Every structure is written in C-alpha cells, then in structure tokens.
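Participant: Take this structure first; my questions come after.
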Amino acid sequence: MGRLEEAQEIQKRDPAMAEAMYKEMISKPPGMNDAELRDYELALVALGGIYRDARRTGELAELIKASRSIMSSFAKAKTAKIVRQLIDLFTTIPDTLDIQISVTKSCIEWAIQERRSFLRQNLETRLVGLYLQKHSYTEALSLINSLLKELKRLDDKMVLVEVQLLESRAYHALRNIPKSRASLTSARTSANAVYCPPLMQAGLDMQSGILHAEDKDYNTAFSYFIEALDGYSTQDETKKAIAALKYMLLSKIMLNLTDDVHQIMTGKLAIKYAGRDIEAMKAVARAHSNRSLAEFEKALEVFKEELGSDPFIRSHFTALYDTLLEQNLVRVIEPFSRVEIEHVAKLVGLGTPHVEAKLSQMILDKVFSGVLDQGSGCLIVFDEVGRDKSYDAALETIKKLSDVVEVLYTNQASMLD
C-alpha cells in the first residue's frame, strides 16, 4: 500500500494523523512523472478536505497560498484545475463569502504575475459570481465589462456565455430589465456557436424564465423553468433544482391554476425534492386558492426563510399579496356607501393603519371611487358614474372643425401667394 492510500485509509478513523501525513507528502516538491504529480494533487486536495470538514477556513486559505509556489512548475491546465478545486472547498462552509473573495483576489494577482491568462479569466468569472452573492453589483459590473472586452477579442465563447449570463443576473438584481434581457440574448447567441454544457444551459433557461415572469408571461416562464429543473436534476444540483421547482409552482400560483400546483406536487421530481421549500409553496397556493389573507400571512410567517430569502419569489408574492388584499377589500366595501375603516379592517383581519393606507392607494389608482373621511374614520364610497358620451361627441366635432379651419387656411394662403 502506498503512502497516499495509507493516509486515505487512516483519515476515516484519525483525521489528525492523516493531516500530518498529507502535510509531509506536500512538504517537498513532486517529481516530474505523472504518478508523483497525481499523488501530490490528491494529497493537497485531501488536506483541503480535512480543513473544510473541520471548518478551518484560515488554514484552508493558507494552504492555497502556500501551494501556489510549487504549482508554478505545473502545466497551466493542471494548475487551473487544482486551484479551482481548492477554492471550491469553501462553498460548503457557511459564512465564508468574504474569505472566498479575499482568496480569489489573491489567486488572481498570482495568476497575473505568472502570466496565466486562462486561470485569471476563470478566477475573475468566479469573483463576479461571489460579488453577486454579496450584492456588490457595482464591483461585479465593473469586472464584467473588462472581462467582456477581453473575451470578445479572444473569441472564447464558453467563458463569454458564462460572463454574459452573470451580467444578465446583475442587471436583473438592479431591476434594469431591458439590459438584463439584452445580456441574456447575447449569452444565448454566443451559446449557439459552441457546445453548451447541461449546467450552463440550465442557467440560461432559468434566467429566461425569470425575465419572462417579470413581464407577467408566466406560461412561457413555466416552460423555461421545466427545462431548467431537468438540467439541474440530471447534474445533481439539488439547491438549484429546488429553486427551479419553486419557480414552476410560483408561475402556476400567479396564473391562479391551483389544480396544476397539486398535479406538480405529486410528480416524480417534486417528491424527490420534497421538503420545507415545497411545503411553503403549497401553503401559499392553498391560501391563494381560498382567497384568505390570514392564511397567506401565516404561510409567510411560518416559512419566512423559505419564502423571504429569494428576492424573485419575495417580489412576486408581495405583488400577489397586494392583489389578494385589493380583491378582499373590494368585496368587503361593495355593499356599503359609508363604512368605518376600523370595521373594514376587522372584516379582513388586518390592522387599521394598514387597511387605511391600502384604501388610499386604491382610490388614487382608481380601483373604486371614494374618499377617506379621516375626521370620522370612515370610507365614503361613490357610485360609479358612466362616461358621458356627449363629451366624446363634442371633442370629435371640435377636432373636425379644427381640420376644416386648417384646410381653409392652407387654401387661402396658397391663393395669396
């Protein structure tokens, strides 16, 4: 049994001893034959794995920094692979976003010094993704712009697709939907010219669905989310697959197709990814089907983490809540010509200030005609007055008279000339 295999066996029962063995193996540079290089790489990644499992982020960052001097003699492709593997170890450790950004920046500086352009581009693309997670959109877009100029010049389609997709996500997060759509179109155009891996294709489909949902085109959005779910499911990307499934359910809820929600829930993939995330969407669908604000608010409270952590779901459910509240208020005030705001609040089960603010907004949006009498705390509802057609006829007559005067003036002016 070789030294590496022995360390791997010991790691199962004594990680501390295995750590010492791995450190000894990577303390001296490997030879130039393939077997020694492979053993060094496996020992390095295994040691990183021990640090990851113990959540020793400082030592993992130091390991990456220390190993770079030896990796300078490696082939560029091999170096890029090892550096990416080591940085990937941070992703499963919670609350390490800042240290990931710091380590990635440090590796980018090293790649520039070593003139490893391919590795630098990959690390800069990763850094853009980290900036998006941190909501540092200005830094992300600044880096994206410099990357796009370089990648277009080099005609590196694969990385170009990834960067353009990240650009689309950044603009969407900033609510600049036209620019987000333009970036996605560019990404799809670049993807058509090269083989697109399933994971990348799923990302494109996911972003397409999100942008269609922003345009209220939930049927088309649903189609894209199905494709994204299939892509993420085949690649075992559980977290992203659950997000795609939630977006599918969101599309059906927004279309008020509760039966379709139940049908999706009983599907094979929904059962595979069953959990609190899917239960949260089920609770919202039930509340929307029952037109119950109380159930809706309870679902938002019980599943606060599942429904509130995703900005896309949060924004759409906020709009859905407002629509549901409007429908309830219109139904409650319909029999009245004058009613106390406190009574309306009691009927819909919400606080008086909240209901008063919403009624005020609805009057301004011309959902119904009325005024708020704040002195007496009442809502006065006016009867809907039909549009007087005589005004339209008068405006049409004035327009025709104006046209006649214009023609007479033109004819008179030509005669004088």
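Participant: Looking at Arg126, Arg115, Arg120, Arg84, which is the one that is of a type in the set (Lys, Arg) and loosely packed, with under 14 Cβ neighbours inside 10 Å?
Facilitator: Arg115
Participant: State all residues of the range 145-158 that are open to solvent by less than 10 Å² (accessible area, probe 1.4 Å) and either in contact with a Leu (Cβ under 7 Å, 6 or more places away or on another chain) or modelled with pLDDT under 90 (or both); if no residue qualifies, say none.
Facilitator: Leu151
Participant: Further question: Take the residues in the range 355-372 that are on the phi < 0 side of the Ramachandran plot and modelled with pLDDT under 85; name whichever of them is most open to solvent (accessible area, probe 1.4 Å).
Facilitator: Per the stated criteria, the residue is Asp365.
Participant: Counting only residues that are part of a helix (DSSP H, G or I) and crowded, with 17+ Cβ neighbours inside 10 Å, how many does the range 256-268 have?
Facilitator: Residues in the range 256-268 being part of a helix (DSSP H, G or I) and crowded, with 17+ Cβ neighbours inside 10 Å: 4 in total.
Participant: May I ask you to verify whether Ser208 is open to solvent by less than 30 Å² (accessible area, probe 1.4 Å), more than 25 Å from Ala283 (Cβ to Cβ), in a helix (DSSP H, G or I) and of a type outside the set (A, V, I, L, M, F, W, C)?
Facilitator: When the stated conditions are applied, Ser208 passes them.
Participant: Output yes when any residue across the range 35-49 is touching a residue at least 12 places away in the same chain (Cβ under 8 Å), under 20 Å from Leu127 (Cβ atoms) and surrounded by 14 or more Cβ atoms within 10 Å (Cβ to Cβ), and no when none is.
Facilitator: Yes, there is a match, as at least one residue in the range 35-49 is touching a residue at least 12 places away in the same chain (Cβ under 8 Å), under 20 Å from Leu127 (Cβ atoms) and surrounded by 14 or more Cβ atoms within 10 Å (Cβ to Cβ).
The values are calculated or read from the model by the stated rules, or taken from the named source; none is laboratory data. Computed from a predicted structure; not experimentally measured. Here the Cβ is made from the backbone with ideal geometry for all residues, glycine too, and neighbour counts use every protein chain on show. To get the accessible areas, we keep the full protein, side chains included, count just its heavy atoms, and leave off ligands, DNA and RNA. Shrake-Rupley method; radii C 1.70, N 1.55, O 1.52, S 1.80 Å.
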